[in-house]
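Asks: Structure in structure tokens, see below.
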Amino acid sequence: MTRSAAQSRSAWPAIAARTLLALLGGYAFTYAFTAVLAQWLPLDPVDAVTAASLLSFMVYLTFLLWAFAATSLWRVMIGVGLAIPLAVIGFWPQLLEILR
């Protein structure tokens, strides 16, 4: 086996991890970002959800591209981790209803 073949085989786990993080993590980030944006836009609720949903396509595409352009896998994981505080902020009214 040549050296380049061995190097290309060792790259596959990193590519698979970035792909998984980009697809699933990007979806989670976009879902949470859309919830936050729908809460914060100063529009009627229906218009805010519509505007946030339309923008979500651009957010997801940007996250997918960024996941493969990031210099390290840790940065991508931090980006996915940002979905947690965004989800808490975006779904805060629903969380308060559950806690009551």
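The values are calculated or read from the model by the stated rules, or taken from the named source; none is laboratory data. The structure displayed is predicted, hence computed values, not measured ones. Quick reminder, even Gly has a Cβ in these numbers, built from the backbone with ideal geometry, and neighbours come from all protein chains shown.
Asks: It is to be established whether one or more residues within region 31-54 are under 30 Å from residue 17 (Cα atoms), exposed (fewer than 13 other Cβ atoms within 10 Å of the Cβ) and modelled with pLDDT of 95 or more.
Replies: Yes, because at least one residue in region 31-54 is under 30 Å from residue 17 (Cα atoms), exposed (fewer than 13 other Cβ atoms within 10 Å of the Cβ) and modelled with pLDDT of 95 or more.
Asks: Within region 66-100, which residues are under 24 Å from residue 11 (Cα atoms), surrounded by 12 or more Cβ atoms within 10 Å (Cβ to Cβ), aliphatic (A, V, I, L, M) and more than 11 Å from the chain's Cα centre (by Cα)?
Replies: 70, 73
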